[in-house]
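Read through the structure below, which is laid out as structure tokens, and then see the notes.
The values are calculated or read from the model by the stated rules, or taken from the named source; none is laboratory data. Computed from a predicted model, the values in this text were never measured in an experiment. For neighbour counting, all protein chains shown are included, and Cβ atoms are generated from backbone atoms with ideal geometry for every residue, glycine included.
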Amino acid sequence: MSFSGKVALVTGARRGIGFAIARTLGMGGAKVAINDVASPEEIEEAVSALKREGIEAWGYVVDVTVREKIREMVEDIVARWSRIDILVNNAGITRDALFVRMKDEDWKAVLDVCLQGTYNCTKEVLRYMMKQRYGRIINISSVVGVTGNAGQTNYATAKAALLGFTKSLAREVAPLGITVNAIAPGFIDTEMTRKLPPDVREMWLQQVPMRRWGDPEEVAQLVAFLASQAAGYITGQTIHINGGLFMA
Ligand code: NAP
């Protein structure tokens, strides 16, 4: 898939699925901006890793929950590369607890990053895409946004909301050449899932018919397809990638 001449923003992309997405789009020829809440050194490390692969990349220490900073970042990307074609709303966090024990701040933190962050980034990027009459927006949801998951009312709520957001926005911007889709990964091997207790990991693994975790690269390939010209007639969809854990 060629992304030559295209500019992408992948949020929360210092590591994990986001980094794999940035790398895959970049390897296809896209200029890639990434942001994250890590230290400048950690962002620079990720950007250097992309550049070593010949990718034109730029990094920002910007929190997706801070609207003004997102605006400044998007303005900077457009000033640097003249356009913005692909937005991948990937930044996400978990703060798991059973609902009765969930702290108010953990409920709010997850909704702020996963949902408000997506609103903030989409709002700032969309006006450029509308002027260009071209855009690809891909929201990283989760299988638990469809199935629910005990201990993740905050996370599942945010990820389910992203699906309604995806479908509604897709209807609004379809006539403008902009597609909006969601990806719902199952269990992917990243730091987010590695921090789960071993018995919980094993319990989930037994429920995956393929008996293995997904690789961030596999999610990245799916994002790349949805971001490509080949996916021009796909919008408002939720694409599942989960080794058979859940079948829609
Ligand atoms: P990860 O390894 O924890 O990476 C998430 C990234 O988001 C980190 O780099 C993190 O920054 C960044 N981030 C967190 N808060 C942010 C904020 N406020 N602003 C900007 N960046 C922020 O997780 P992952 O597994 O790659 O997950 C990526 C996405 O896939 C998430 O939306 C997640 O919900 C979704 N997902 C993951 C799985 C899975 O099994 N792994 C399954 C379904 C969906 P720091 O590095 O600085 O912490």
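Points to keep in mind about this one:
- Scan of the stretch 92-112 for residues that are buried (at least 24 other Cβ atoms within 10 Å of the Cβ) and touching a residue at least 60 places away in the same chain (Cβ under 8 Å), ordered by number: Gly92
- Of the criteria (1) away from the ligand (no atom under 15 Å from the Cβ); (2) part of a helix (DSSP H, G or I), which one Ile84 fails: (2)
- Of the residues making up the stretch 182-191, none is at pLDDT below 95, more than 16 Å from Asn90 (Cβ to Cβ) and within 13 Å of the ligand (Cβ to nearest atom).
- If the condition is being within 10 Å of the ligand (Cβ to nearest atom) and either β-branched (Val, Ile, Thr) or not in a helix (DSSP H, G or I) (or both), then the stretch 198-223 contributes Trp213, Gly214, Val219.
- Those strands (runs of 3 or more DSSP E) lying entirely in the stretch 1-65 with at least 1 residues within 7 Å of the ligand (Cβ to nearest atom) and among the hydroxyl-bearing types (Ser, Thr, Tyr): 7-11
- If you check Ile138, Ile183, Ile178 for being in contact (Cβ under 8 Å) with a residue 60 or more places away in the chain, in contact with a Leu (Cβ under 8 Å, 6 or more places away or on another chain) and of a type in the set (A, V, I, L, M), only one passes: Ile138.
- Some residue of the stretch 166-173 being among the polar types (S, T, N, Q) and under 20 Å from Leu126 (Cβ atoms): yes
- A search for C-beta distances below 6 Å between a residue of the stretch 29-47 that is acidic (Asp, Glu) and any residue that is part of a loop (DSSP other than H, G, I, E, B), counting only pairs 6+ apart in sequence or on different chains, returns Asp36/Gly12; Asp36/Arg14; Glu42/Arg14.
- Within the stretch 119-140, the set of residues being within 12 Å of Ile70 (Cβ to Cβ) and in contact with a helix residue (DSSP H, G or I) (Cβ under 6 Å, 6 or more places away or on another chain) comprises Asn120, Cys121, Glu124, Val125.
- Contacts under 7 angstrom Cβ, first residue in the stretch 3-22 being on the phi > 0 side of the Ramachandran plot, partner in a helix (DSSP H, G or I) and within 10 Å of the ligand (Cβ to nearest atom), 6 or more apart: Gly12/Gly18; Gly16/Glu191; Gly16/Met192; Gly16/Pro216
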